[in-house]
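The following block contains the structure, expressed as structure tokens.
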Amino acid sequence: MKAALISLGSTSSKWTAEAMRKYFDQVDELDIREIEVSLGSKNYGVFYKGEHLEEYDCIFGKGSFRYSALLRSITSILYDKCYMPIEQDSFSVVHDKLLTHLVLQKHDIPMPTTYLSATVNAAKAILKKVNYPIIMKFPQGTQGKGVMVADSYAGASSVLDALQSLKQPFIIQEYIETDGVDIRAIVVKGKVIAAMERKAETGEKRSNIHQGGSGEKVELDTQTKKITIETAKVLGADICAVDILSSHKGPLIIEANLSPGLQGITKATNMDIADKIAKALYLKTKEFIENKKSTKANQILEEVGIKTSKDEVKQVITNLDLRGNRLLLPEIITNITQFGEKEEVVLKAKKDHLYIKTFNIEK
């Protein structure tokens, strides 16, 4: 199988690509800055360095919020052609904190109380009715950048005055006291594969590893694990990081990350996170290919008038392909039966009849 990893070439991306090479026959590392999408023309499609992008069985697209529109466009065009672990809408939603909170709210996933303001005056009206301290941040940003803490109305108001020239909407969020500690969990294919507790440096509220925070391995309780997995699911990501606060209200989701750094959590947990991601990509790609073949086979059967209900025995009229003393099964039959090359089977034969069944010692 052939895979591609689209990224900015970070250390985490290189680790993931290297791990993928243990499972895939070929893995290409593609610089997202060299990719372009052509729309509304005869030359429609995705291009890399000016040439049509090659066909892949799996494409893992990563990148910062600055490339969310491009990643969404790439995924929109290629999503049905190969396995992609992140849905197209996810790049727009997860790279925007406001949209993330809206999705979490819709699915009743717990999070800190959050307000949005489009103007400084509207924001100051909100500031008069909230309890301090508060978190102030822009809808877009990663690695803790663009996140500020205000201890009073005067302090928050001063921050707004300073940021007024940027003409961006502001998110104002309830501050949850955790002594600068939060949890980052990596979710892969509907499972939490690793989690670490991050602690901010002294005098710093942000616990991000990129902001100097430290991390150590932690085991999530059942409720936190369930909420974390549900968060990745509703955000449309088979692979992502989810950041969580432990509070007197229970676990609260603060945000998700589609391109998390792996260095900190790999060190904290002493686990090969890149390998776990790579193996999941391989297994999901294999499943995608098998499902695609099965769908194609069913379409062919339906075109010739053969029903394709799950448990019904299917009848196909075809010529035999004899190679010496070997009989090759038609592709349509292997697609229906899902026989694999290394699978053991039981053969029962008599004149004009051949019966094949997978061998299972437990039966």
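Given (1) loosely packed, with under 13 Cβ neighbours inside 10 Å; (2) under 17 Å from Ile77 (Cα atoms); (3) in contact (Cβ under 8 Å) with a residue 24 or more places away in the chain, where does Glu51 come up short, assuming only one miss?
(3)
Could you tell me whether Tyr48 is aromatic (Phe, Trp, Tyr) and more than 25 Å from Lys233 (Cα to Cα)?
Spelling it out, Tyr48 is indeed aromatic (Phe, Trp, Tyr) and more than 25 Å from Lys233 (Cα to Cα).
Among the β-branched types (Val, Ile, Thr), farther than 24 Å from Thr231 by Cβ, assigned to a loop (DSSP other than H, G, I, E, B) and in contact (Cβ under 8 Å) with a residue 12 or more places away in the chain: does that describe Val130?
yes
Taking the condition of being of a type in the set (Phe, Trp, Tyr) and at pLDDT below 85, how many residues in the range 116-146 meet it?
Going through the range 116-146 one residue at a time, the tally reaches 1.
Something else about it: Give the residue, chosen from Gly305, Gly340, that is under 30 Å from Arg21 (Cβ atoms), modelled with pLDDT under 75 and surrounded by fewer than 13 Cβ atoms within 10 Å (Cβ to Cβ).
None of the others qualify; the one that does is Gly340.
The values are calculated or read from the model by the stated rules, or taken from the named source; none is laboratory data. A quick note: this is a predicted structure, and the numbers were derived from the prediction, not measured. Methodologically, a virtual Cβ is constructed for each residue, glycine included, from the backbone with ideal geometry; neighbour enumeration extends over all protein chains shown.
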